[in-house]
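Visitor: Structure below; questions to follow.
The values are calculated or read from the model by the stated rules, or taken from the named source; none is laboratory data. Every value quoted in this text rests on a predicted model; they were computed, and no experiment measured them. Reconstructed Cβ throughout: ideal geometry from the backbone, glycine too, with neighbour counts over all protein chains shown. Accessible surface is based on the protein model in full, side chains and every heavy atom, while ligands, DNA and RNA are left aside. Shrake-Rupley method; radii C 1.70, N 1.55, O 1.52, S 1.80 Å.
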Amino acid sequence: MDVMFERVAGLDIGKKSVTVCVRVPGPGGGRHGETRTFRTMTRSLELMRDWLVGQGVTLAAMESTSTYWKPVFYALEDQMECWLLNAAHMKAVPGRKTDVKDAEWIAQLLEHGLLRPSFVPPPPIRRLRLLTRYRVQLMGDRSRDAGRLEKMLEDASIKISSVTTVSARAMLAALIAGEADPEVLAQLAKGKMRSKIPDLIEALTGHFDADHARLAVAMLGRLDRVDAALTALDETIDTASRPWAHQIQLLQTIPGVGLKVAQAIVAETGGEMSRFPSASHLAAWAGVAPAIHESAGRRTPAGARHGNKWLTSALVEAAASAARSKNTYLSAQQARIASRRGAKRAQIAAAHSILDSAYYMLERDEPYRDLGPDWLQHRHDEAHTRRLVAQLERLGHTVVIDPAA
């Protein structure tokens, strides 16, 4: 087998150590391999980098092991080309399994060109990714804390479901202060909630005691801290995403895509579509394209692909919002698919459409153009017409279509 890369390194990375196998040209036209193990501390990684540079290594490949690959990748990316490998793309070493064998196997596959790299964004995008992903985690914490508070109120027979609204917070503050009269509590409702005062009186009739009050104070304090952290984080993300302000503005022209989803799309894809060969490739990488298994000429669905879960969740959130829009292609598409396949499959299909649109919009630098709610029906009618015409022509008839008839 031909050698595609002359001086390569394969790295097997663990939490405490990294095993490196270097493959370089040897005497007599053969190949020479040398393996060393380094600690994953910064100074040890610098020693590893200097050794690889001294060996003339131009390409290093490593398996994406949890987050342990990041310090190693970042230590080498300025000195040589680095490839991050998907573990599913490499077969395990047959026989005895050791870190040394793994590193040798990676180096051998790499030198023959049998591996392909995963997408690792440049440092500015990586920093934006950290921020947007942390925001998703904080929003999850907020939802979980709100759910805990609702369950605690159920224990006191207080039926407040939206504990983060202005009305609910005012009622909770009064309950904590010792107010027990449900009629007085219901009068604290604001805006549209005032039309539900009779129902609120029933919902606020319970046995909220001092123990519930102490728990409510602690839970509300956690919610306030998370809200404050989210506010500060939003400002930081706005500042960090300014270099991609134009792309973010374009993406927000898609129905259902707001500021946070647009920022997530840019953070996960880099806002530059040239690194993805096609929209289909991007959809498969994100995990919104259906997987297919083919054997003996028969193709069967294989469920959802494994992809970028952060991007997928943002796209599904946008799809759910787009389903509530009026007179748009995305809402019509979801209604059409949901009637046959269910709401969840419809959301994934709409997420796929949103990502396809984002690909071409960023590639061509143009805003979103909606096809309209009737586009799918018109396409179906045209296809049905063509089938009927073909059937009549096979029967020997000459068909003339008059659209005005």
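Visitor: Using a 1.4 angstrom probe, figure out how much accessible area the stretch 259-393 has per residue, in square angstrom, rounded to the nearest whole. Please report the intermediate quantities before stating the final value.
Guide: Numbers: 7800 Å² over 135 residues.
It amounts to 58 Å² per residue over the stretch 259-393.
Visitor: Considering all alpha-carbon pairs of the stretch 65-161, what whole percent are spaced by more than 19 angstrom? List each step's numbers first, then the result.
Guide: Values: 2928 of 4656 pairs.
Taking all Cα-Cα pairs of the stretch 65-161, the fraction more than 19 Å apart is 63 percent.
Visitor: Give me the lysines in straight-line cross-link reach of Lys159: C-alpha distance below 25 Å, same-chain residues under 8 apart excluded.
Guide: Leaving aside lysines fewer than 8 places away in the same chain, those within reach of Lys159 are Lys151, Lys190, Lys192, Lys196.
Visitor: Another question, if that's okay. Which whole-angstrom value gives the distance between the alpha carbon centres of the stretch 5-47 and the stretch 330-374?
Guide: Their Cα centres are 46 Å away from one another.
Visitor: Turning to a different aspect of this structure: Which angle between 0 and 90 degrees, to the nearest 10, do you get for helix 123-155 versus the longest principal axis of the chain when only C-alpha atoms count?
Guide: 40
Visitor: Using the C-alpha gyration tensor of the chain, what are the square roots of 5 times its eigenvalues, in whole angstrom, with the largest one first?
Guide: One finds semi-axes of 48, 38, 19 Å for the chain.
Visitor: Enter the accessible area of His112 (Å², nearest 10), with the probe set to 1.4 Å and all protein chains included.
Guide: Estimated to the nearest 10 Å², His112 gives 50 Å².
Visitor: Taking all protein chains in place and a 1.4 Å probe, what share, in percent, of the accessible surface of the stretch 215-295 do carbon and sulfur account for?
Guide: With neighbouring chains kept in place, the figure for the stretch 215-295 is 57 percent.
Visitor: Rounded to a whole number, what % of the accessible area of the stretch 1-127 do carbon and sulfur atoms account for, probe 1.4 Å?
Guide: Carbon and sulfur: 50 percent of the exposed surface of the stretch 1-127.
Visitor: Calculate what fraction, in whole %, of the accessible area of the stretch 150-201 sits on carbon and sulfur atoms when a 1.4 Å probe is rolled over the protein chains.
Guide: Working: 1630 of 2990 Å².
Roughly 55 percent, rounded to a whole number.
Visitor: Distance between the C-alpha centers of the stretch 55-90 and the stretch 248-284? Whole Å please.
Guide: 26
Visitor: I'm a student and want to see the number: the projected area of the Cα convex hull of the stretch 146-230, averaged over all directions, in nm².
Guide: 5.1
Visitor: What FRET efficiency comes out for the pair Arg148/Gln249, r = Cβ-Cβ distance, R0 = 51 Å, nearest 0.05?
Guide: 0.85
Visitor: So, with +1 on the Cβ of K and R and -1 on the Cβ of D and E, and no other charges, what is the size of the charge dipole of the chain about its Cα centre, to the nearest 20 debye?
Guide: Rounded to the nearest 20 debye, it is 780 debye.
Visitor: Can you give me the three principal axis dimensions of the stretch 1-111 from its C-alpha atoms, in Å, biggest first?
Guide: Principal axes ranked by extent give 37, 32, 20 Å for the Cα atoms.
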